[in-house]
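The values are calculated or read from the model by the stated rules, or taken from the named source; none is laboratory data. Fair warning: this is a prediction, and the values are worked out from it, not measured in the lab. A quick note on method: Cβ atoms are made from the backbone with ideal geometry, for glycine too, and the neighbour counts reach across all protein chains shown.
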Ligand SMILES: C[S@@+](CC[C@H](N)C(=O)[O-])C[C@H]1O[C@@H](n2cnc3c(N)ncnc32)[C@H](O)[C@@H]1O
């Protein structure tokens, strides 16, 4: 059985729509970030063995090959339908997979109920307050949200210099999320912080990896 695919709203204005999957992946690989996000997802899947998984900004399914335990549902959400089509083709073996194309800031998904949400380098591209207020409804009480945020570094551009021109347009919409503000929004939405660490890549780019429970 193949993955279910739903497209819910008009997402055509977001610059992410114009970035070819191949260029995105090569850029993220060159920056060492694809590997970091893959490893982080694998780590928490192995730790929690979640039954109902949601991945926000899932792109082409980075790390989905690490879903090896028995699950009841896997939901990949992204604003770029081409990425999701690629994801669906790559992971046709995941029979519980659903694909949803939409903007996580306003998507209404009333019957989505998960115990694990992975949000890696996605809150940099949305209104945080609005998005957390929306996605918290997709998590069961006791469910976990694992977030990866890029930290500021005055010596490095937020969007790594790249040979791919298409990626440059992200500079216009990407906003690093202040950690103090992030934790404040999480508290206001009744999330409890479980653990957090800072990871530094060889490029000296740093990332905040944090787990909250609802
Ligand atoms: C940096 S990538 C995320 C990396 C990915 N989570 C991983 O682990 O490799 C950001 C992704 O978020 C998607 N995105 C950006 N804004 C979005 C929005 N408002 N709603 C849904 N997806 C969005 C982009 O299309 C892109 O695929």
Exercise. From the list 176, 97, which one is more than 13 Å from the ligand (Cβ to nearest atom) and in contact with a strand residue (DSSP E or B) (Cβ under 9 Å, 6 or more places away or on another chain)?
Worked result: 97
For this session: Would you be able to tell me the number of residues in the range 184-209 that are surrounded by fewer than 13 Cβ atoms within 10 Å (Cβ to Cβ) and in contact with a strand residue (DSSP E or B) (Cβ under 6 Å, 6 or more places away or on another chain)?
Result: 7
Exercise. Of all the residues that make up the range 45-66, how many are touching a residue at least 12 places away in the same chain (Cβ under 8 Å) and surrounded by fewer than 19 Cβ atoms within 10 Å (Cβ to Cβ)?
Worked result: 6
Seminar exercise, completed: When residue 157 is run through (1) touching a strand residue (DSSP E or B) at 6+ places or on another chain (Cβ under 6 Å); (2) at pLDDT below 95, the failure sits at (1)
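To keep it simple, each residue is scored yes or no on (1) within 11 Å of the ligand (Cβ to nearest atom); (2) in contact (Cβ under 8 Å) with a residue 12 or more places away in the chain; (3) surrounded by 19 or more Cβ atoms within 10 Å (Cβ to Cβ).
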{"site": "92", "(1), (2), (3)": "no, yes, no"}
{"site": "116", "(1), (2), (3)": "no, yes, yes"}
{"site": "139", "(1), (2), (3)": "no, yes, yes"}
{"site": "146", "(1), (2), (3)": "yes, yes, yes"}
For this session: Name every residue in the range 1-59 that is modelled with pLDDT under 90, in contact with a helix residue (DSSP H, G or I) (Cβ under 8 Å, 6 or more places away or on another chain), assigned to a loop (DSSP other than H, G, I, E, B) and more than 10 Å from the ligand (Cβ to nearest atom), in order of residue number.
Result: 2, 3
